[in-house]
Amino acid sequence: MNPLAPDTYLVYARGLDLATLTAVSTEAALPVRTAGESDGWAWVTFDATAIDGPAAVRLARDITGFRYEERFGGPDRVDTVFLASTPACECPHGQNYAIPHCEDHPFNYSYSRGGFELDYFNIGKRREAHRSGDLLIRELLDAGIVGRETPGYDADPSYNADGAVTMRIISEHFGLPVAN
């Protein structure tokens, strides 16, 4: 997966076609910057400097749940992956998992299904250790990013500082196509 352009929010949706995803984004007053469809995933990107981050995260979560079940053919038909290339929240309350971040900093990654965020965390600089959900735990452990032993970080403190290893793990886990 190519790194996201700076200040970008990206929503991947499986179970929706591109026309539906862009229509729902427009209805939510989130102007789409780029969009595409491949390998069973549709995606849209948003300019993070022009829209509210929590609104983009809510869209990614809500389109998977009961709010849209009649429109999309039932619950649990859609799942989403949200990615952000904005800085991770440095606010004191944003350092802990399962605690809401400030309005300016959504989590860098979340996975939603059934109207709930099942997995979320910030990416890079050991931030993955402060996570909610364990969907990617095996892959993160194997890469030495989380756990009692973190050989990647122990050998090189700059290991995964930019989150590239974590982004690769997320991309491979879900089979995400490259979004430009």
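Of note:
- Residues of the range 22-48 satisfying the condition of being in contact with an Asp or Glu (Cβ under 8 Å, 6 or more places away or on another chain) and not acidic (Asp, Glu): Pro31, Arg33, Ala42, Trp43, Ala48
- All of Thr80, Thr26, Thr22 fail the test of being part of a strand (DSSP E or B) and at pLDDT 95 or above, apart from Thr80.
- The combined condition, being at pLDDT 90 or above, hydrophobic (A, V, I, L, M, F, W, C), open to solvent by 40 Å² or more (accessible area, probe 1.4 Å) and farther than 24 Å from Phe46 by Cβ, is fulfilled by Leu141.
- Out of Arg58, Arg67, one residue alone is modelled with pLDDT of 90 or more, out of contact with any strand residue (DSSP E or B) (no Cβ under 6 Å at 6 or more places or on another chain), of a type outside the set (Asp, Glu) and under 20 Å from Ser25 (Cβ atoms). It is Arg58.
- The lone criterion from (1) β-branched (Val, Ile, Thr); (2) surrounded by 15 or more Cβ atoms within 10 Å (Cβ to Cβ); (3) closer than 23 Å to Arg168 by Cβ left unmet by Thr34 is number (2).
- Qualifying residues in the range 149-169 (those that are in contact with a helix residue (DSSP H, G or I) (Cβ under 8 Å, 6 or more places away or on another chain) and farther than 21 Å from Tyr12 by Cβ) - the one most open to solvent (accessible area, probe 1.4 Å): Tyr159
- Across the range 117-130, the qualifying residues are those that are out of contact with any helix residue (DSSP H, G or I) (no Cβ under 7 Å at 6 or more places or on another chain) and closer than 29 Å to Gly74 by Cβ, and the one among them that is modelled with the lowest pLDDT is Tyr120.
- Among the residues making up the range 146-180, a single one is over 29 Å from Arg33 (Cβ atoms) and modelled with pLDDT of 90 or more: Tyr159.
- Residue in the range 51-65 that is assigned to a strand (DSSP E or B), within 22 Å of Ile123 (Cα to Cα) and of a type in the set (Asp, Glu) present: no
- Failed criterion for Leu18 (all others in (1) within 20 Å of Leu176 (Cα to Cα); (2) in contact (Cβ under 8 Å) with a residue 40 or more places away in the chain; (3) not β-branched (Val, Ile, Thr) hold): (2)
The values are calculated or read from the model by the stated rules, or taken from the named source; none is laboratory data. What you see is a predicted model, and the numbers here were worked out from it, not measured in a lab. No Cβ is skipped: glycine too gets one built from the backbone with ideal geometry, and neighbour counts run over all protein chains shown. Please note that ligands, DNA and RNA were not included when accessible areas were found on the heavy atoms of the full protein model with its side chains. Shrake-Rupley method; radii C 1.70, N 1.55, O 1.52, S 1.80 Å.
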